[in-house]
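Peer 1: Can you read through this structure? Questions will come right after.
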Amino acid sequence: MRIFYILIIILTFETIIAQETKYKVIPRDQSNIDKSLVSFITSLKEVCLKKDTSMLFEMLDTGIVTSYGAGLFGKKDFKEKWKLQNPENSDLWDRFMFVINLGGVFDTINEKKFFIFPYALSFDWDLDSELDSTQKLSSPFNVFICIDKNIPVYEKPDTNSKVLNFLSYDIIVKDFDISQKQNEKDNYQINWNYILTLDKKIKGWILGESIYSSTGLEIQLEKQKGKWKITCFCSYD
């Protein structure tokens, strides 16, 4: 009888994970292609661990973008935005490390070649062709990428509720209004997200720790006269 129940559990699990979705952004890191880039990233990580603003400022491009929407350009704006007058209390370092550790890819913007962190923001899917008219109004702010595998999708905003499926590196669309109401109800103690996969095969509730906004923070590195510089650290605004 015990073996029978184990078989039922296994079959149920296999049924849950059998459903594959079409739109995924698989993790990748192309930094090891360029030895000078590897060295730069290693130094940048050390700078973040030491919270060394002097070294960081040497790695910044003079016109570094901190915000397009707010018009924040240059080292002075960067310093003020991230409160680097008091570097020990700035959350810049943790943000930098999180984005870097996701891995990055080479990309071209306006015919210029950059290295971009995180990999999750570089994909070729045509989102507008899959979004409905309501979703398009809030795109890309409602689009997220799963940055982990086997993320459970719950029937209700409760980890004890039924698991409907699992997501691995999928592109998803968040229903902001439904998610916001739930998070207000929980006093923002838990980051619940009501989502629908881009191909509309899977919907339900997931926790926010393993997803990244398509408008999230992005680091751009550019090689200038043989030296790498940080040209942008900002979110889409």
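Peer 1: Confirm whether PHE78 is in contact (Cβ under 8 Å) with a residue 40 or more places away in the chain, closer than 16 Å to MET97 by Cβ, touching a strand residue (DSSP E or B) at 6+ places or on another chain (Cβ under 8 Å) and not in a strand (DSSP E or B).
Peer 2: Considered against the rule, which asks whether it is in contact (Cβ under 8 Å) with a residue 40 or more places away in the chain, closer than 16 Å to MET97 by Cβ, touching a strand residue (DSSP E or B) at 6+ places or on another chain (Cβ under 8 Å) and not in a strand (DSSP E or B), PHE78 comes out as no.
Peer 1: Exactly one of these conditions fails for ASN191: (1) open to solvent by less than 70 Å² (accessible area, probe 1.4 Å); (2) under 28 Å from SER122 (Cβ atoms). Give me its number.
Peer 2: Only one criterion in (1) open to solvent by less than 70 Å² (accessible area, probe 1.4 Å); (2) under 28 Å from SER122 (Cβ atoms) is unmet by ASN191, namely (1).
Peer 1: May I pose another question? Quick one: is PHE98 among the hydrophobic types (A, V, I, L, M, F, W, C), open to solvent by 70 Å² or more (accessible area, probe 1.4 Å) and under 16 Å from the mean Cα position of the chain (by Cα)?
Peer 2: When the stated conditions are applied, PHE98 passes them.
Peer 1: In this structure, is VAL99 at pLDDT 95 or above and in a strand (DSSP E or B)?
Peer 2: Criteria not met by VAL99.
Peer 1: Do the conditions hold for SER235, that is, is it open to solvent by 20 Å² or more (accessible area, probe 1.4 Å), of a type in the set (Gly, Ala, Ser) and within 30 Å of LYS76 (Cα to Cα)?
Peer 2: When the stated conditions are applied, SER235 passes them.
Peer 1: Pick from LYS223, LYS229: which is surrounded by 17 or more Cβ atoms within 10 Å (Cβ to Cβ), at pLDDT 90 or above and in a strand (DSSP E or B)?
Peer 2: One residue alone meets the criteria, LYS229.
Peer 1: Evaluate the following for ASP186: is it under 28 Å from SER129 (Cβ atoms), surrounded by fewer than 21 Cβ atoms within 10 Å (Cβ to Cβ) and without any contact (Cβ under 8 Å) to a residue 60 or more places away in the chain?
Peer 2: no
Peer 1: Does LEU49 satisfy the criteria of being open to solvent by less than 50 Å² (accessible area, probe 1.4 Å) and more than 19 Å from the chain's Cα centre (by Cα)?
Peer 2: No: the conditions fail for LEU49.
Peer 1: In addition: Could you look through region 52-70, keep only residues that are in a helix (DSSP H, G or I) and polar (S, T, N, Q), and pick out the one that is least open to solvent (accessible area, probe 1.4 Å)?
Peer 2: Only one residue fits best here, namely THR53.
Peer 1: Next question. Among the residues that make up region 146-166, is at least one of them exposed (fewer than 14 other Cβ atoms within 10 Å of the Cβ) and modelled with pLDDT under 90?
Peer 2: For region 146-166, residues exposed (fewer than 14 other Cβ atoms within 10 Å of the Cβ) and modelled with pLDDT under 90: absent.
Peer 1: Looking at GLU130 and the list (1) under 19 Å from the mean Cα position of the chain (by Cα); (2) surrounded by 14 or more Cβ atoms within 10 Å (Cβ to Cβ); (3) among the charged types (D, E, K, R), which single condition is not satisfied?
Peer 2: Against the list (1) under 19 Å from the mean Cα position of the chain (by Cα); (2) surrounded by 14 or more Cβ atoms within 10 Å (Cβ to Cβ); (3) among the charged types (D, E, K, R), GLU130 comes up short only on (1).
Peer 1: Find the residue count for region 60-75, including only residues that are on the phi > 0 side of the Ramachandran plot and in contact (Cβ under 8 Å) with a residue 24 or more places away in the chain.
Peer 2: The total comes to 0.
Peer 1: Within region 33-72, take every residue that is touching a helix residue (DSSP H, G or I) at 6+ places or on another chain (Cβ under 6 Å) and among the polar types (S, T, N, Q) and give me the one that is nearest to TYR119 (Cα to Cα).
Peer 2: Taking the candidates together, the pick is THR66.
Peer 1: Let me ask you something else. For residues that are in a loop (DSSP other than H, G, I, E, B) and either open to solvent by 100 Å² or more (accessible area, probe 1.4 Å) or aromatic (Phe, Trp, Tyr) (or both), tally how many sit in region 102-126.
Peer 2: Count: 5.
The values are calculated or read from the model by the stated rules, or taken from the named source; none is laboratory data. Being a predicted model, the structure only gives us computed values, none of them experimental. Because the Cβ atoms are built from the backbone with ideal geometry, glycine has one as well, and the counts that use them run over all protein chains shown. Heavy atoms of the whole protein, side chains included, go into the accessibility calculation; ligands, DNA and RNA do not. Shrake-Rupley method; radii C 1.70, N 1.55, O 1.52, S 1.80 Å.
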